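For reference, the structure is listed below as structure tokens.
The values are calculated or read from the model by the stated rules, or taken from the named source; none is laboratory data. Since the model is a prediction, treat every value here as computed from it, not as a measurement. Note that each Cβ is placed from the backbone with ideal geometry, even for glycine, and that neighbours are counted across all protein chains shown. In case anyone asks, the SASA skips ligands and DNA or RNA and just uses the protein heavy atoms, side chains included. Shrake-Rupley method; radii C 1.70, N 1.55, O 1.52, S 1.80 Å.
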Amino acid sequence: MQKSDYPRGTVSRLSIDSDVLKSNRLGDPTRRDVDVYVPANHDGTGLPLLVDLVGFTAGGPLHTAWKPFFENVPERLDRLIATGEMPPVAVAFPDCFTSLGGNQYVNSSVVGRWEDFLIDEMLPAVETRFGCGGTGRRGVFGKSSGGYGAFSHAFRRPDIWAAAASHSGDAGFDLMAADFPMVLRALARHGLSIENWFRAYEKRQKHADEDIPVLLVLAQAASYDPDPDLDVFKGLRLPVDLETCELIKDRWKNWMACDPVELAKTHGHNIAKLKAFYVDCGTVDQYNLLYGNRRIHRTLKELGVEHTYEEFEDNHNSVDYRMDVSLPFLAKALQ
């Protein structure tokens, strides 16, 4: 794809010294950058605000960085706005990267109070600085782990968000449980110790093929079921028996309570409070997320809650082009 030279918006960077993240048990930094896009010929005043929640192993500023061959998100916004595909909006790109490789954008005693950071610290900072957003004028969107964040916030916090979009969002945790044997095989080479595995991972000069998949499961465990025992390494525990891979019912219950499939059943009525809700997923998503997303769609239909659901012929990777659908959808709803 050849990039075109549309009128360029501006990207500014704010730094937030977070109070709510100080309690994180990972020792991660609490000073966080937020890139903010404002369209050409605007200063942000009066514009709706969208918040981009990126996928695992990424941080918000990755979406504003130069990208070979294809558009980064600000360039995509420049094109969509200049061609009239969408009305102008401001977009915030918060850096929520963690030493576990990413974020599920919920409050956790281990990873940190990321929901509170986004809502109580990031939003006020951006909206005060740029005069954008506000009640009824905020939307959240994301892909993969970011799509999970969009799901979780949309279902539980309609008091904050007026619209949401999830691309290939994590859902259907029972299908994702197939990852646990892979994690146990990795831990077995380190005495079935999460700490031993993690120390070895930190010393590597190059990631092993298994590292990121294992890290993802650990990050999810830290988000959905952190160990309250302060003596446990980084508060990390798995919801399975480390010898037999049998599910530990009490721990797995904590995971399932966070599954957007279950949230749709218990909180699906909240989607009716939004101005717009968009969900999509690839038909050959290699993480089996299609089926969880279909379950959410079915539940919302049964509840009679208006939403937009789409499937597209692709897998989980490199699907930023789907923002050509979701960004105009959100921007028009928030006008």
Members of region 150-177 that are part of a helix (DSSP H, G or I) and either closer than 21 Å to Asp314 by Cβ or among the β-branched types (Val, Ile, Thr) (or both): Ala150, Phe151, Leu175, Met176
Among (1) under 11 Å from the mean Cα position of the chain (by Cα); (2) open to solvent by 30 Å² or more (accessible area, probe 1.4 Å); (3) among the small types (Gly, Ala, Ser) - the single one Ala82 does not satisfy: (1)
Filter pass, Lys249 being touching a helix residue (DSSP H, G or I) at 6+ places or on another chain (Cβ under 9 Å), more than 24 Å from Tyr201 (Cβ to Cβ), open to solvent by 60 Å² or more (accessible area, probe 1.4 Å) and without any contact (Cβ under 8 Å) to a residue 60 or more places away in the chain: no
Residue within region 296-315 that is among the basic types (Lys, Arg) and touching a Gly at 6+ places or on another chain (Cβ under 7 Å) present: no
Of residues in region 119-149 being open to solvent by less than 10 Å² (accessible area, probe 1.4 Å) and part of a strand (DSSP E or B), the one farthest from Val51 (Cα to Cα): Gly142
Subset of region 307-323 [part of a strand (DSSP E or B) and either touching a Cys at 6+ places or on another chain (Cβ under 7 Å) or more than 19 Å from Leu80 (Cβ to Cβ) (or both)]: Tyr309, Glu311
In region 7-26, residue farthest from Glu127 (Cα to Cα) [restricted to those that are open to solvent by 70 Å² or more (accessible area, probe 1.4 Å) and in a loop (DSSP other than H, G, I, E, B)]: Pro7
Positions within region 85-118 being surrounded by fewer than 20 Cβ atoms within 10 Å (Cβ to Cβ) and part of a helix (DSSP H, G or I), in sequence order: Asp116
Residues within region 184-234 that are surrounded by 14 or more Cβ atoms within 10 Å (Cβ to Cβ), without any contact (Cβ under 8 Å) to a residue 12 or more places away in the chain and in a helix (DSSP H, G or I), tallied: 3
Qualifying positions in region 52-75 - open to solvent by less than 20 Å² (accessible area, probe 1.4 Å) and in a helix (DSSP H, G or I): Gly60, Val73, Pro74
